[in-house]
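**Student:** Here's a structure for you.
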């Protein structure tokens, strides 16, 4: 008589569970440290990848992977969305019980105070050869604890300027979803935390477990670490004029619904003529030309990374129709959107 469909899976789970009793550890173990105003999406995405890889059928038993959610003092932490989460306790005396420590940050990154007890514990974990995960702005805390050095870190494009301002000696990039430096992995956060989780599951539990998660989460696949973030901004770290920097951040958030020049000026708190002079003095172009450049950069990224039609991409970039988008795109890149896609596929245009 043939075995029922899940018999082999259940047998493997039983054998793995027995092996765990011998070793005391599953294939992958992560301790989550929640900081104030942590980002829900990044935390939930990473921990749900572990949950779905840990057992068969989404049953959530901690067989192949184990996790614990903690805070510095064992008290609940409130996310940036205002949702308060209970934790499983404070920081354990021996952090070496985990393979990784995931420091989950969020909107509290401007806070320059790192509690000494947290910094000491993170340094103890690192000294015990526990690998560190900087999730979203958790990388700020790891940098404050002195655990990054000259390693390259990945941060979300929206906090790149803030990170570089605080830690100018640390190379920070936004052209990856996450960066693995061996004993330190830093992740941009948001949905990139899912990709990081799949990367860790494939490494420790096998690619079949990672694909199991992909199916459960209804994903189209596993995105590689080197995939650039969908970021569309000019690197203004060398620009001292705060008005230009504030205006740039404002328009970055409004690419699909471009603000008027008057709206940008009101946001910055200056007159439109003052703002135009500031842009010309620092960047050599007008605020609206800067915005148009961002929209076209966004469009070029979508052409390479999104299956939507050119007309839909044009609308998503804030253009009124495909014809306007194609005209401006050709003026900027020297080819039409379709030619850009074709040449990129042929390798004639670098990704």
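The values are calculated or read from the model by the stated rules, or taken from the named source; none is laboratory data. Just so it is clear, the structure is predicted and the values come from calculations on it, not from any experiment. A quick note on method: Cβ atoms are made from the backbone with ideal geometry, for glycine too, and the neighbour counts reach across all protein chains shown.
**Student:** Do you know which residues across the stretch 124-150 are within 21 Å of residue 112 (Cβ to Cβ) and either in a loop (DSSP other than H, G, I, E, B) or not assigned by TED's automatic domain parsing to the domain that holds residue 165 (or both)?
**Tutor:** Passing the criteria: 136, 137, 145, 146, 147, 148, 149.
**Student:** Can you find a residue that is outside any helix (DSSP H, G or I), under 30 Å from residue 58 (Cβ atoms) and in contact with a strand residue (DSSP E or B) (Cβ under 7 Å, 6 or more places away or on another chain) anywhere in the stretch 217-226?
**Tutor:** Yes: the stretch 217-226 contains one or more residues that are outside any helix (DSSP H, G or I), under 30 Å from residue 58 (Cβ atoms) and in contact with a strand residue (DSSP E or B) (Cβ under 7 Å, 6 or more places away or on another chain).
**Student:** Same structure, new question: Could you check the stretch 274-292 and list, in sequence order, the residues that are buried (at least 18 other Cβ atoms within 10 Å of the Cβ) and touching a residue at least 40 places away in the same chain (Cβ under 8 Å)?
**Tutor:** Across the stretch 274-292, the qualifying residues are 283, 287, 290, 291.
**Student:** Given the criterion surrounded by 17 or more Cβ atoms within 10 Å (Cβ to Cβ), under 24 Å from the mean Cα position of the chain (by Cα), in the same structural domain as residue 340 (by TED's automatic domain parsing) and farther than 23 Å from residue 192 by Cα, identify the matching residue among 314, 265, 247.
**Tutor:** 247
**Student:** For the stretch 321-351, name all the residues that are modelled with pLDDT under 90 and loosely packed, with under 13 Cβ neighbours inside 10 Å.
**Tutor:** Selection gives 345, 346, 347, 348, 350, 351.
**Student:** Give the number of residues within the stretch 282-328 that are part of a helix (DSSP H, G or I), in contact with a helix residue (DSSP H, G or I) (Cβ under 9 Å, 6 or more places away or on another chain) and farther than 29 Å from residue 241 by Cβ.
**Tutor:** Total satisfying the criteria: 15.
**Student:** Within the bounds of the stretch 182-199, is there any residue that is outside the structural domain of residue 149 (by TED's automatic domain parsing) and closer than 23 Å to residue 316 by Cα?
**Tutor:** no
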